[in-house]
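Below: the structure, in structure tokens.
The values are calculated or read from the model by the stated rules, or taken from the named source; none is laboratory data. The structure displayed is predicted, hence computed values, not measured ones. Note: ideal-geometry Cβ built from the backbone for every residue, glycine included; neighbour counts use all protein chains shown.
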């Protein structure tokens, strides 16, 4: 039997309108013990505004369906009204746990349309910041995952570590979240003074804390009971459903865009892809925990090999003149003004770029009509595709395990609903 | 960093996207956009093409979205393809050979119907629902053609170019039976 | 803590502190006592929507420590909560849900609109976002920022504490009869708004 038949025959997705569900509830049938319950959109364990309707038989989940759209922000429409330079401001608010990645994929798409080459330092700064962001995003996951399963102390610890990284981000980008730091043509500003020491501090403190997490969760029998063998998915199913990131890797398939289709300078750094074996909730947890360690390896290499030079492309068409020039030259002032009011024009064409975000493949499909604003901007959100695996993972499991499964997918609703 | 890019208004200088009509793959025109392979099937042959590509190894439907080209006069298309208002853009991925391919299908404004590919790629189900919400493109044979991002009973398709961008009054409904 | 000594004075507690309770009679206006108690035990509902929710959670954890104000227990059930922190953009689809949760909260209840998206729609002036949550529920304090940092949220909470202490809210509700909704059969009037207070970032607390 093929994967497709298997997915179809399993009948895990509850395709039923609310009206139908109401009618079902009105019919009293003593032999039928199934019931349909609703969870969310305002529920402490659904990670934002996810709503799930589930068909239960006793404690067992039969069919279910994620209902999304409660955070639909119309960002793709707003993007058509912003210039290419303003674009990152918009897309950074999609995945609010890993904002730099959305900025990165959008900027890469604009640069592909412009066909400009980035200076090396810009590439390495982007890589450094993205890996730090991956760490903070996974720490957020560890915190919320722990809290969902009853390890409430984990909430405090995960946030404590994340705060260390956010403090560095605030120093460099000026903001704790939604940085608008990676822009078409490079990054918004150079790294702050003393950045090496700041990062070294983070790298010194984090390994010990991660070991504490291992004691607190990884090796702990209650944690293992709650996560091992729960929400299992196979490689073929994950691929058929379009799932990427830790969900696909948990099934044992080593697919990571940083390795498979390298962008930035990932082909020059040394790191390992973490894979699981069983495709269960525990594997997805362990992958994220160990990816923090791999990201730290990449950050260390960025520290060693950070090249000198400009941090944005020295192309007058895209990059405004430096601040000092504006004070002495009228032309530079006009030029600066024009770039930020009219924006630069991007040659017609369409392109799709993808990066490996903490949640999977994050893509940007960008169409330009030759003007300063995109004709169409679409973000391929990993959480959006990953959520489709939810009914298949929950099928046949207990209601209490549903919490563990939702948490292990780590959906960020801002990027699901866009 | 080239000298020829010094002018701000210069837009003409760009990479020539290959759009000759000679190359074909499975009967669909094959072009290249910024080094990425693009296929242009007709809306009738689209489902069959996806099936053939699946057999060839493109086993993941990474992305499926629509695009409204109303008012876009600089669209890069091969001359043999009749431009229509809407486009359906599908990005496929071959994980074992590590390659991508993009399929652009022209969808007419008056007859926005196309076959669903959720029978081949179950992962396309949610993406097709989203495209239906946003552009009004209908997918024939879709297992669950309900709104996904927009509230039930919403009128209009927001990502169409003729849908107003600006705010609309809040459609506030009081809670019943309070 | 000027207000504590104020309360102490009103309660008739001298320098003996609580040790003096045994031979003292406490007299205090019941209203002051109630306001004091309400202010010290706000229970926020977990109403995280978007980016701001992450900062709201950060406010609750060790670095910023919302427990200082007796508010660390976010209640998952609206019936146990009396403060709704609307953290994030409110979409058209979410607005009815938000109103339902507000209606389920017990009196007295307060609302903090956290972040520009909740306050005015922010940068998303488009078809999908409600342009200000005050179109749906009455808002007491607006916190600016995108997202507001934990310090800004703490400032907003302190501003709300101050409003509860001075009784501004009670007076306003007495005058308009709105927000409190104690009368039976009272109709909602979301169009008539209470006087909003906009706090500034970087200012001093007093």
Qualifying positions in region A:1-20 - closer than 10 Å to residue A:392 by Cβ, assigned to a helix (DSSP H, G or I) and at the interface with another protein chain (Cβ under 10 Å from one of its Cβ atoms): A:7
Residue in region A:85-100 that is over 25 Å from residue C:55 (Cβ atoms), in contact with a helix residue (DSSP H, G or I) (Cβ under 9 Å, 6 or more places away or on another chain) and at the interface with another protein chain (Cβ under 10 Å from one of its Cβ atoms) present: no
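Which residue is farthest from residue B:36 (Cα to Cα), if the candidates are limited to region B:96-108 and must be part of a loop (DSSP other than H, G, I, E, B) and within 12 Å of chain A (Cβ to nearest Cβ)?
From region B:96-108, those part of a loop (DSSP other than H, G, I, E, B) are B:96-98, B:108; that's our starting set.
If we keep only those that are within 12 Å of chain A (Cβ to nearest Cβ) as well, we get B:96-98.
Values: B:96: 18, B:97: 15, B:98: 13 Å.
In this case the residue turns out to be B:96.
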Residue in region B:6-38 that is farthest from residue A:352 (Cα to Cα), counting only those that are modelled with pLDDT of 80 or more and within 13 Å of chain A (Cβ to nearest Cβ): B:31
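Working carefully through the options A:47, A:43, find the one that is over 26 Å from residue B:135 (Cβ atoms), outside the structural domain of residue A:364 (by TED's automatic domain parsing), without any contact (Cβ under 8 Å) to a residue 40 or more places away in the chain and within 27 Å of the chain's Cα centre (by Cα).
A:43
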Selected residue [more than 14 Å from chain C (Cβ to nearest Cβ), surrounded by 15 or more Cβ atoms within 10 Å (Cβ to Cβ), touching a residue at least 24 places away in the same chain (Cβ under 8 Å) and in a helix (DSSP H, G or I)] from A:209, A:162, A:226: A:226
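Restricting to region A:274-288, and then to whatever is part of a loop (DSSP other than H, G, I, E, B) and in contact with a helix residue (DSSP H, G or I) (Cβ under 6 Å, 6 or more places away or on another chain), can you tell me which residue is surrounded by the most Cβ atoms within 10 Å (Cβ to Cβ)? Explain how you work it out, then say what you get.
Looking only at region A:274-288, we keep the residues that are part of a loop (DSSP other than H, G, I, E, B), and these are A:274-280.
Subset that is in contact with a helix residue (DSSP H, G or I) (Cβ under 6 Å, 6 or more places away or on another chain): A:274-276, A:279.
On the way: A:274: 20, A:275: 18, A:276: 21, A:279: 24.
For region A:274-288, the residue satisfying everything is A:279.
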Residue among A:35, A:75 that is in contact (Cβ under 8 Å) with a residue 60 or more places away in the chain and either in contact with a helix residue (DSSP H, G or I) (Cβ under 6 Å, 6 or more places away or on another chain) or surrounded by fewer than 19 Cβ atoms within 10 Å (Cβ to Cβ) (or both): A:75
Residues satisfying the stated conditions in region C:60-81, i.e. under 21 Å from residue A:167 (Cβ atoms), more than 10 Å from every other protein chain (Cβ to nearest Cβ) and touching a helix residue (DSSP H, G or I) at 6+ places or on another chain (Cβ under 7 Å): C:66
Residues located in region B:132-153, provided they are closer than 16 Å to residue A:417 by Cβ and facing chain A (nearest Cβ under 10 Å): B:133, B:134, B:146, B:147, B:148, B:149, B:150, B:151, B:152
Lone qualifier among A:102, A:89 - being buried (at least 21 other Cβ atoms within 10 Å of the Cβ), at pLDDT 90 or above and assigned by TED's automatic domain parsing to the domain that holds residue A:353: A:102
Residues of region B:66-95 classified as in a loop (DSSP other than H, G, I, E, B) and within 23 Å of residue A:241 (Cα to Cα), total: 1
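So, in region C:150-168, exactly how many residues are touching a helix residue (DSSP H, G or I) at 6+ places or on another chain (Cβ under 7 Å) and closer than 17 Å to residue C:44 by Cβ? So that I can check it myself, show each step before the final result.
So in region C:150-168, the residues touching a helix residue (DSSP H, G or I) at 6+ places or on another chain (Cβ under 7 Å) come out as C:150, C:153-154, C:157, C:161, C:163-165, C:167.
With closer than 17 Å to residue C:44 by Cβ added as a condition, the list becomes C:150, C:153-154, C:157, C:161, C:163-164.
Count: 7.
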Spans of strands (runs of 3 or more DSSP E) in region A:343-404 with at least 2 residues free of Cβ contacts under 8 Å to residues at least 12 places away in the same chain and within 11 Å of chain B (Cβ to nearest Cβ): none
Filter result for residue B:78 (touching a strand residue (DSSP E or B) at 6+ places or on another chain (Cβ under 6 Å), surrounded by fewer than 18 Cβ atoms within 10 Å (Cβ to Cβ) and either modelled with pLDDT under 90 or facing chain A (nearest Cβ under 10 Å) (or both)): yes
Enumeration of residues in region A:21-35 that are out of contact with any strand residue (DSSP E or B) (no Cβ under 6 Å at 6 or more places or on another chain) and within 14 Å of chain B (Cβ to nearest Cβ): A:22
Helices (runs of 4 or more DSSP H) completely within region C:41-120 that count 2 or more residues being touching a residue at least 40 places away in the same chain (Cβ under 8 Å) and touching a strand residue (DSSP E or B) at 6+ places or on another chain (Cβ under 6 Å): C:51-60
Among (1) free of Cβ contacts under 8 Å to residues at least 12 places away in the same chain; (2) buried (at least 24 other Cβ atoms within 10 Å of the Cβ) - the single one residue A:332 does not satisfy: (2)
Candidate set from region B:109-128 (those that are under 25 Å from residue A:75 (Cα atoms) and more than 10 Å from chain A (Cβ to nearest Cβ)); member that is nearest to the chain's Cα centre (by Cα): B:128
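Within region A:49-65, how many residues turn out to be surrounded by fewer than 24 Cβ atoms within 10 Å (Cβ to Cβ) and either within 12 Å of chain B (Cβ to nearest Cβ) or in a strand (DSSP E or B) (or both)? Walk me through it before giving the result.
Narrowing region A:49-65 to residues surrounded by fewer than 24 Cβ atoms within 10 Å (Cβ to Cβ): A:51, A:53-60, A:62-63, A:65.
This time we only want the ones that are either within 12 Å of chain B (Cβ to nearest Cβ) or in a strand (DSSP E or B) (or both), so: A:51, A:53-57, A:60, A:62-63, A:65.
Of the residues in region A:49-65, 10 are surrounded by fewer than 24 Cβ atoms within 10 Å (Cβ to Cβ) and either within 12 Å of chain B (Cβ to nearest Cβ) or in a strand (DSSP E or B) (or both).
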